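Every number here is computed from the coordinates shown, using simple stated rules; none is lab data. These numbers were taken from a predicted model, which means no experiment stands behind them. Cβ sites come from the backbone with ideal geometry, for glycine too, and all protein chains shown count toward neighbours.
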Amino acid sequence: MPNSKSAEKSLRRSDKKRLLNKSRISALKTENKKLLAAIESNDVELMDKHLPLTIKLLDKSVAKGIIKKNNASRKKSKLMKKVNASKAAK
């Protein structure tokens, strides 16, 4: 329990930020799962639809400070390798 007014405000702000970050992470994970499902089914049309959205969400997450820059770069690289391998196999 906060003991001062500034501590109360800080608690409110951190709760609001936590909920926002949670929803953004959830949206990122959902889009990532959709892309991985498209890769599994070798659906080029879906891959072309979900890849830019996933990359955009990763970049936005970095800008908002939700994930680190290298984490996003690593995830983008892995996804691109999977997409390119899937397209080459077709």
| Gyration tensor (alpha-carbon) shape descriptor, segment 23-90, a/c threshold 1.5 | prolate
| Helix 69-89 versus the longest principal axis of the chain: what angle, 0 to 90°, nearest 10, using Cα atoms? | 20
| said: Mean-square fluctuation check for the chain, GNM, Cα pairs under 10 Å: which of SER41, SER14, SER77 is largest? | reply: SER14
| query | Does segment 15-56 come out rounded, prolate or oblate by the C-alpha gyration tensor, with a ≥ b ≥ c the root eigenvalues, rounded set by a/c under 1.5 and, if not, prolate when a/b is larger than b/c and oblate if not? | reply | prolate
| task | Using R₀ = 30 Å, calculate the FRET efficiency as 1/(1 + (r/R₀)^6) where r is the Cβ-Cβ separation of LYS49 and LYS81; round to 0.05. | result | 0.95
| request: Work out the FRET efficiency for LYS9 and LYS64 from their Cβ-Cβ distance, taking R0 = 30 Å, and round it to the nearest 0.05. | output: 0.90
| message | Starting from the 7 Å offset along Cα-to-Cβ, what nm value, one decimal, do you get for the label separation of ILE25 and ASN42? | response | 3.6
